[in-house]
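Asks: Take this structure, written in C-alpha cells, and hold onto it; I'll ask about it next.
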Amino acid sequence: MSDPNINTTTTVGATYYVPHIPQTQPGLFGGCPANDDIFRTVTLSDNTLFTFRVMRFYANETDATQGCIYEGAFLAKVLTQAKFDFIRHLLNCTGYDIVPYYRIDGTNHGAITYDYTSFVTVDGDIIPGTFWSQYYYYYYDYYYYNVPIYNCILMSIYDHWYFIRSPCDYTTYYICEK
C-alpha cells in the first residue's frame, strides 16, 4: 500500500494495515485533556459547555447506558458540529486511541431504513449526514450484507472517528456526558 495515511506493521507471517491518524497538536481545542477517568468540562467552539468522561470499560449499548446513568450522566449525544469536532479531536489524543471504536448515543431501535441521511434516534433527533463515514455504504454492503439493520452508532478510528452503524451488542469503550 502506498497511502501516506496508512502505517504498515509486519510481524512473522502477517502484515497489518493500521490507519495513521496524526496526534492532535497542542493549542487546538486547548490541547489534549488528561485521560484520567474523571468528568471534565470544556467550552466548545460554539461556546456551549460539554461535560464528559471517557469510560474505559468494555460495554454494549445497554450496559454503556446503565454505566453512564450510574455516574449521573448519559451516553454522549453528538448532534452539533462543535461537539463532533471536539470528540474527534479528543479521540486523536494519545491515550484515547487505544481502542478502535467508541460508543456514543444514537440508537434508533425499530428503524426501517438504512439511509444514514435520515438516521433518526429513538429520541427523534436527526444525526447529521456529514458525521458519517464516507465508507458507510461500503461497510454495510461488504461486511453486513443480508443481516438486520444495525441500530447503534460507533465512532471508528478506521474512518478518522466518523460514525458507523454497529450492532448494539458490540462491546467497546464509551463516552458519557452530563
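Asks: Within the range 99-117, restricting attention to residues that are at pLDDT 80 or above and of a type in the set (A, V, I, L, M, F, W, C), which residue is farthest from the chain's Cα centre (by Cα)?
Replies: Among those that are at pLDDT 80 or above and of a type in the set (A, V, I, L, M, F, W, C), it is VAL99.
Asks: Output the residues belonging to the range 60-88 that are in contact with a helix residue (DSSP H, G or I) (Cβ under 9 Å, 6 or more places away or on another chain) and buried (at least 20 other Cβ atoms within 10 Å of the Cβ).
Replies: LEU75, ALA76, VAL78, PHE84, PHE86
Asks: Please work out which one of (1) at pLDDT below 85; (2) small (Gly, Ala, Ser); (3) on the phi > 0 side of the Ramachandran plot is the condition SER2 fails and give its number.
Replies: (3)
Asks: Report every pair of residues separated by at least 6 positions or lying on different chains whose Cβ atoms are under 9 Å apart, first residue within the range 60-74 and farther than 16 Å from PHE39 by Cβ, second of a type in the set (Lys, Arg) and not in a helix (DSSP H, G or I).
Replies: Short answer, once both residue conditions are applied: ASN60/ARG103; GLU61/ARG103.
The values are calculated or read from the model by the stated rules, or taken from the named source; none is laboratory data. Everything quoted here is computed from the prediction, not taken from an experiment. Using ideal geometry, Cβ is built from the backbone for each residue, glycine included, and neighbour counts are taken over all protein chains shown.
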